[in-house]
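The values are calculated or read from the model by the stated rules, or taken from the named source; none is laboratory data. Since this is a predicted model, take the numbers as computed values, not measurements. Quick reminder, even Gly has a Cβ in these numbers, built from the backbone with ideal geometry, and neighbours come from all protein chains shown. Protein only, heavy atoms only, side chains kept; ligands, DNA and RNA dropped before computing areas. Shrake-Rupley method; radii C 1.70, N 1.55, O 1.52, S 1.80 Å.
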Amino acid sequence: MTRRAASVDVVDQKRDSSPAPKAIPRHLAIIMDGNGRWAKKRFMPRVEGHRNGAKTVRMVVEECRKLGVRHLTLFAFSTENWRRPEEEVGGLMRLFVQHLESELELLLKNGIRLRAMGDLSRLPAAVRELLERNEERTKDLTGMDLILAVSYGGRDELVHAFRKLGRAVKAGELDPETVTEELVSRSLYLPDVPDPDLLIRTSDETRISNFLLWQLAYAEIVVSPELWPDFSRDEFHRCLHVFAGRNRRFGLTQEQASAS
Ligand code: FPP
(Lines give C-alpha, C1' and ligand atoms only; values in the text may rest on other atoms or scores of the structure.)
Protein backbone atom coordinates (compact mmCIF):
# COMPACT_ATOMS: atom_id res chain seq x y z
CA MET A 1 0.00 0.00 0.00
CA THR A 2 1.42 3.38 -0.96
CA ARG A 3 0.10 6.56 0.53
CA ARG A 4 1.19 10.13 0.05
CA ALA A 5 1.76 12.50 2.94
CA ALA A 6 -1.56 13.94 4.08
CA SER A 7 -1.89 17.68 4.09
CA VAL A 8 -2.82 18.51 7.65
CA ASP A 9 -2.43 21.47 9.89
CA VAL A 10 0.24 20.42 12.32
CA VAL A 11 3.19 22.17 13.85
CA ASP A 12 6.72 21.89 12.46
CA GLN A 13 5.71 21.97 8.79
CA LYS A 14 8.42 24.57 8.18
CA ARG A 15 11.09 21.94 8.83
CA ASP A 16 9.62 19.57 6.27
CA SER A 17 12.30 19.62 3.58
CA SER A 18 13.07 15.89 3.02
CA PRO A 19 10.95 13.87 0.57
CA ALA A 20 8.15 11.90 2.25
CA PRO A 21 8.76 8.13 2.37
CA LYS A 22 7.02 6.31 -0.50
CA ALA A 23 5.04 3.91 1.70
CA ILE A 24 3.58 5.02 5.00
CA PRO A 25 2.54 2.29 7.45
CA ARG A 26 -1.14 2.40 8.24
CA HIS A 27 -0.29 1.17 11.74
CA LEU A 28 3.13 1.89 13.23
CA ALA A 29 4.15 0.34 16.55
CA ILE A 30 7.22 1.50 18.45
CA ILE A 31 9.26 0.02 21.29
CA MET A 32 10.86 3.13 22.76
CA ASP A 33 14.06 1.68 24.18
CA GLY A 34 17.26 3.15 25.56
CA ASN A 35 16.08 5.83 28.00
CA GLY A 36 18.00 4.27 30.90
CA ARG A 37 21.25 4.00 28.92
CA TRP A 38 20.83 7.58 27.69
CA ALA A 39 20.61 8.78 31.30
CA LYS A 40 23.43 6.55 32.51
CA LYS A 41 25.80 7.93 29.88
CA ARG A 42 25.13 11.37 31.38
CA PHE A 43 25.36 10.27 35.02
CA MET A 44 21.70 11.17 35.46
CA PRO A 45 18.88 9.26 37.18
CA ARG A 46 17.03 6.90 34.84
CA VAL A 47 13.88 8.97 35.04
CA GLU A 48 15.73 11.82 33.26
CA GLY A 49 16.08 9.46 30.32
CA HIS A 50 12.32 8.91 30.35
CA ARG A 51 11.73 12.67 30.65
CA ASN A 52 13.84 13.28 27.55
CA GLY A 53 12.15 10.32 25.87
CA ALA A 54 8.84 12.13 26.30
CA LYS A 55 10.16 14.88 23.99
CA THR A 56 10.79 12.27 21.30
CA VAL A 57 7.22 11.02 21.79
CA ARG A 58 5.95 14.48 20.89
CA MET A 59 8.09 14.66 17.73
CA VAL A 60 7.02 11.19 16.57
CA VAL A 61 3.33 11.88 17.21
CA GLU A 62 3.47 15.13 15.23
CA GLU A 63 5.41 13.52 12.43
CA CYS A 64 3.07 10.53 12.16
CA ARG A 65 0.06 12.82 12.01
CA LYS A 66 1.69 14.87 9.30
CA LEU A 67 2.67 11.82 7.23
CA GLY A 68 -0.74 10.18 7.44
CA VAL A 69 -0.05 7.23 9.77
CA ARG A 70 -3.51 6.11 10.85
CA HIS A 71 -2.63 4.27 14.09
CA LEU A 72 0.47 4.81 16.22
CA THR A 73 1.04 2.43 19.15
CA LEU A 74 3.73 3.28 21.69
CA PHE A 75 4.98 0.76 24.25
CA ALA A 76 5.08 3.08 27.26
CA PHE A 77 5.10 0.62 30.17
CA SER A 78 5.09 -3.17 30.19
CA THR A 79 3.64 -5.64 32.67
CA GLU A 80 7.28 -6.51 33.43
CA ASN A 81 8.19 -2.87 34.12
CA TRP A 82 6.21 -3.05 37.41
CA ARG A 83 9.22 -4.95 38.78
CA ARG A 84 11.59 -1.98 38.29
CA PRO A 85 12.78 0.01 41.35
CA GLU A 86 9.96 1.88 43.06
CA GLU A 87 11.68 5.22 42.39
CA GLU A 88 11.70 4.62 38.63
CA VAL A 89 8.11 3.33 38.50
CA GLY A 90 6.93 6.33 40.55
CA GLY A 91 8.91 8.71 38.33
CA LEU A 92 7.39 7.19 35.21
CA MET A 93 3.86 7.42 36.62
CA ARG A 94 4.41 11.11 37.48
CA LEU A 95 5.73 11.64 33.96
CA PHE A 96 2.60 10.03 32.48
CA VAL A 97 0.44 12.38 34.58
CA GLN A 98 2.40 15.45 33.39
CA HIS A 99 2.35 14.28 29.78
CA LEU A 100 -1.36 13.47 29.78
CA GLU A 101 -2.10 16.90 31.25
CA SER A 102 0.18 18.87 28.93
CA GLU A 103 -0.47 17.06 25.64
CA LEU A 104 -4.27 17.12 25.55
CA GLU A 105 -4.13 20.44 23.66
CA LEU A 106 -1.86 18.91 21.00
CA LEU A 107 -4.26 16.00 20.56
CA LEU A 108 -7.29 18.25 20.21
CA LYS A 109 -5.54 20.67 17.83
CA ASN A 110 -4.39 17.87 15.56
CA GLY A 111 -7.48 15.66 15.58
CA ILE A 112 -5.74 12.82 17.41
CA ARG A 113 -7.72 10.27 19.38
CA LEU A 114 -5.99 8.89 22.46
CA ARG A 115 -6.55 5.24 23.35
CA ALA A 116 -4.99 3.15 26.07
CA MET A 117 -4.49 -0.58 26.22
CA GLY A 118 -3.19 -2.84 28.94
CA ASP A 119 -4.16 -3.88 32.44
CA LEU A 120 -5.17 -0.35 33.43
CA SER A 121 -6.54 -1.56 36.78
CA ARG A 122 -2.95 -1.70 38.08
CA LEU A 123 -2.24 1.98 37.35
CA PRO A 124 -2.40 4.68 40.03
CA ALA A 125 -5.81 6.39 40.02
CA ALA A 126 -4.32 9.71 38.81
CA VAL A 127 -2.91 8.08 35.65
CA ARG A 128 -6.03 6.02 35.00
CA GLU A 129 -8.35 8.99 35.43
CA LEU A 130 -6.31 11.20 33.09
CA LEU A 131 -6.17 8.45 30.50
CA GLU A 132 -9.95 8.08 30.75
CA ARG A 133 -10.47 11.85 30.58
CA ASN A 134 -8.26 12.22 27.48
CA GLU A 135 -9.86 9.20 25.84
CA GLU A 136 -13.29 10.69 26.43
CA ARG A 137 -12.30 14.19 25.24
CA THR A 138 -10.76 12.86 22.01
CA LYS A 139 -13.08 9.95 21.24
CA ASP A 140 -14.66 11.56 18.17
CA LEU A 141 -11.38 12.65 16.56
CA THR A 142 -10.50 10.81 13.40
CA GLY A 143 -7.11 12.16 12.25
CA MET A 144 -5.04 9.48 13.94
CA ASP A 145 -5.25 7.01 16.84
CA LEU A 146 -2.46 7.42 19.39
CA ILE A 147 -2.49 4.17 21.33
CA LEU A 148 -0.54 4.02 24.58
CA ALA A 149 0.31 0.51 25.69
CA VAL A 150 0.59 0.92 29.46
CA SER A 151 0.82 -1.89 31.97
CA TYR A 152 0.70 -3.93 28.78
CA GLY A 153 1.96 -7.41 28.00
CA GLY A 154 1.25 -9.38 24.84
CA ARG A 155 0.79 -12.64 26.74
CA ASP A 156 -1.42 -10.90 29.28
CA GLU A 157 -3.59 -9.55 26.44
CA LEU A 158 -3.92 -13.07 25.00
CA VAL A 159 -4.87 -14.46 28.43
CA HIS A 160 -7.62 -11.82 28.66
CA ALA A 161 -8.82 -12.75 25.16
CA PHE A 162 -8.86 -16.50 25.91
CA ARG A 163 -10.75 -15.90 29.15
CA LYS A 164 -13.32 -13.89 27.21
CA LEU A 165 -13.74 -16.70 24.69
CA GLY A 166 -13.83 -19.28 27.49
CA ARG A 167 -16.65 -17.41 29.22
CA ALA A 168 -18.62 -17.34 25.97
CA VAL A 169 -18.12 -21.12 25.56
CA LYS A 170 -19.18 -21.71 29.16
CA ALA A 171 -22.31 -19.61 28.66
CA GLY A 172 -23.22 -21.73 25.64
CA GLU A 173 -22.83 -18.75 23.29
CA LEU A 174 -19.79 -20.05 21.43
CA ASP A 175 -18.95 -23.40 19.86
CA PRO A 176 -15.16 -23.92 20.35
CA GLU A 177 -14.97 -25.46 16.87
CA THR A 178 -15.98 -22.10 15.39
CA VAL A 179 -13.09 -20.18 16.95
CA THR A 180 -11.04 -18.61 14.14
CA GLU A 181 -8.05 -16.31 13.91
CA GLU A 182 -10.51 -13.55 13.10
CA LEU A 183 -12.42 -14.20 16.34
CA VAL A 184 -9.22 -14.18 18.42
CA SER A 185 -8.29 -10.84 16.81
CA ARG A 186 -11.72 -9.50 17.70
CA SER A 187 -11.25 -10.58 21.33
CA LEU A 188 -8.11 -8.46 21.86
CA TYR A 189 -8.06 -5.10 23.68
CA LEU A 190 -8.64 -2.97 20.54
CA PRO A 191 -10.50 -5.19 18.07
CA ASP A 192 -11.04 -2.45 15.49
CA VAL A 193 -7.35 -1.61 15.08
CA PRO A 194 -5.57 -3.38 12.19
CA ASP A 195 -2.30 -5.22 12.80
CA PRO A 196 0.87 -3.09 12.67
CA ASP A 197 2.63 -2.92 9.31
CA LEU A 198 5.86 -1.76 10.90
CA LEU A 199 7.54 -2.17 14.28
CA ILE A 200 10.40 0.18 15.08
CA ARG A 201 12.61 -0.56 18.07
CA THR A 202 15.36 1.80 19.13
CA SER A 203 18.72 1.23 20.85
CA ASP A 204 19.80 -1.66 18.61
CA GLU A 205 17.79 -4.28 20.51
CA THR A 206 16.30 -7.00 18.33
CA ARG A 207 13.62 -8.51 20.60
CA ILE A 208 9.88 -7.90 20.59
CA SER A 209 9.73 -8.14 24.41
CA ASN A 210 6.14 -9.34 24.86
CA PHE A 211 4.74 -6.52 22.70
CA LEU A 212 1.68 -7.16 20.48
CA LEU A 213 2.54 -10.86 20.15
CA TRP A 214 -0.50 -11.75 18.08
CA GLN A 215 -0.68 -8.58 16.04
CA LEU A 216 2.98 -8.45 14.91
CA ALA A 217 2.71 -11.71 12.94
CA TYR A 218 3.42 -10.02 9.59
CA ALA A 219 4.92 -6.71 10.68
CA GLU A 220 8.17 -5.51 9.20
CA ILE A 221 10.75 -4.84 11.91
CA VAL A 222 13.21 -1.96 11.68
CA VAL A 223 15.80 -1.54 14.43
CA SER A 224 17.40 1.84 14.99
CA PRO A 225 20.78 2.16 16.74
CA GLU A 226 19.70 5.42 18.38
CA LEU A 227 18.68 5.55 22.04
CA TRP A 228 15.06 6.75 22.25
CA PRO A 229 15.80 10.28 23.57
CA ASP A 230 18.23 10.73 20.63
CA PHE A 231 15.82 9.32 18.02
CA SER A 232 15.53 12.27 15.66
CA ARG A 233 13.14 13.17 12.90
CA ASP A 234 15.81 12.30 10.32
CA GLU A 235 16.39 8.89 11.89
CA PHE A 236 12.63 8.31 11.99
CA HIS A 237 12.42 9.12 8.27
CA ARG A 238 15.34 6.78 7.61
CA CYS A 239 13.40 3.97 9.31
CA LEU A 240 10.33 4.78 7.21
CA HIS A 241 12.44 4.70 4.04
CA VAL A 242 13.79 1.27 5.04
CA PHE A 243 10.18 0.10 5.49
CA ALA A 244 9.20 1.58 2.11
CA GLY A 245 11.97 -0.47 0.49
CA ARG A 246 10.85 -3.76 2.03
CA ASN A 247 9.22 -6.43 -0.05
CA ARG A 248 6.15 -7.68 1.85
CA ARG A 249 5.01 -11.10 0.66
CA PHE A 250 2.74 -12.32 3.49
CA GLY A 251 3.81 -15.93 2.89
CA LEU A 252 3.16 -15.81 -0.87
CA THR A 253 5.73 -16.29 -3.63
CA GLN A 254 7.25 -13.17 -5.15
CA GLU A 255 5.13 -13.68 -8.30
CA GLN A 256 1.91 -14.05 -6.33
CA ALA A 257 2.70 -11.06 -4.11
CA SER A 258 3.48 -8.88 -7.14
CA ALA A 259 0.22 -9.94 -8.81
CA SER A 260 -1.85 -9.09 -5.74
C1 FPP B 1 12.42 1.70 27.83
O2 FPP B 1 13.72 2.21 28.06
C3 FPP B 1 11.42 2.74 28.07
C4 FPP B 1 10.42 2.67 28.99
C5 FPP B 1 10.24 1.52 29.89
C6 FPP B 1 9.48 3.78 29.20
C7 FPP B 1 9.08 4.55 27.98
C8 FPP B 1 8.54 5.83 28.45
C9 FPP B 1 8.77 7.02 27.90
C10 FPP B 1 9.45 7.24 26.62
C11 FPP B 1 8.29 8.18 28.68
C12 FPP B 1 7.27 9.01 28.05
C13 FPP B 1 6.17 8.25 27.41
C14 FPP B 1 4.95 8.79 27.24
C15 FPP B 1 3.95 8.04 26.47
C16 FPP B 1 4.61 10.08 27.81
P17 FPP B 1 14.61 1.56 29.19
O18 FPP B 1 14.36 2.30 30.45
O19 FPP B 1 14.36 0.09 29.26
O20 FPP B 1 16.04 1.84 28.66
P21 FPP B 1 17.37 0.98 28.90
O22 FPP B 1 17.14 -0.32 28.15
O23 FPP B 1 18.43 1.81 28.29
O24 FPP B 1 17.51 0.78 30.37
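Things worth noting here:
- Cut-off 14 Å between beta-carbons: net charge of the residues surrounding F231, Lys and Arg +1, Asp and Glu -1: -3
- Applying 1/(1 + (r/R0)^6) with R0 = 45 Å to the Cβ-Cβ distance of T253 and L141 gives a FRET efficiency near 0.65.
- Normalised per residue, the accessible area of region 84-226 is 52 Å², obtained with a 1.4 Å probe and no contribution from ligands, DNA or RNA.
- Dipole magnitude (debye, nearest 20) for the chain, charges at Cβ of Lys, Arg, Asp, Glu: 460
- Region 13-121: Cα Rg divided by the 2.2 N^0.38 Å rule of thumb: 1.17
- A cut-off under 13 angstrom between Cβ atoms defines the neighbours of R163, and their net charge, with Lys, Arg +1 and Asp, Glu -1, is +1.
- Exposure ranking of W228, W82 by accessible area [1.4 Å probe, largest first]: W82, W228
- Of the residues G166, Y189, L28, the one whose Cα sits farthest towards the positive end of the charge dipole of the chain is L28 (charges of +1 on Lys and Arg Cβ, -1 on Asp and Glu Cβ, taken about the Cα centre).
- Gyration tensor (Cα) of region 134-249, equivalent ellipsoid semi-axes in angstrom: 32, 18, 14
- Computed from backbone phi, the HN-Hα couplings of region 244-260 come to 4, x, 6, 9, 8, 10, 6, x, 8, 6, 4, 5, 4, 4, 5, 5, 8 Hz, rounded to whole numbers (Karplus: 6.51 cos²θ - 1.76 cosθ + 1.60, θ = phi - 60°; Gly and Pro given as x).
- Share of pairwise Cα separations in the chain, more than 30 Å, in percent: 30
- In region 51-185, Cα pairs under 8 Å separated by at least six residues give a relative contact order of 32 percent.
- Relative contact order for the chain, counting Cα pairs under 8 Å that sit 6 or more residues apart, in percent: 25
- A simple count of charges around K139, restricted to other residues whose Cβ falls under 13 Å of its Cβ and scoring Lys, Arg +1 and Asp, Glu -1, yields -2.
- Site pair A244 and A217 shows an inter-label distance of 2.9 nm when each label is modelled 7 Å from Cα along Cα→Cβ.
- Partners for K41 among lysines (Cα-Cα distance below 19 Å; same-chain residues under 8 apart left out): K55
- A Gaussian network model of the chain, with springs between Cα atoms under 10 Å, assigns the largest mean-square fluctuation among A20, A125, A161 to A125.
- The chain: most fluctuating residue of G166, G153, G143 per GNM, C-alpha cutoff 10 Å: G166
- Carbon plus sulfur fraction of accessible area for the chain, probe 1.4 Å, in percent: 50
- All Cα-Cα distances of region 189-260, cut into 10 Å bins from zero to the largest, leave 17, 41, 33, 8, 0 percent in each bin in turn.
- FRET E, pair L108, S209, Förster distance 35 Å, beta-carbon r, rounded to 0.05: 0.65
- Antiparallel DSSP beta bridges within the chain, percent to nearest 5: 0
- R0 of 45 Å, Cβ-Cβ distance A171-E235: FRET efficiency to nearest 0.05: 0.35
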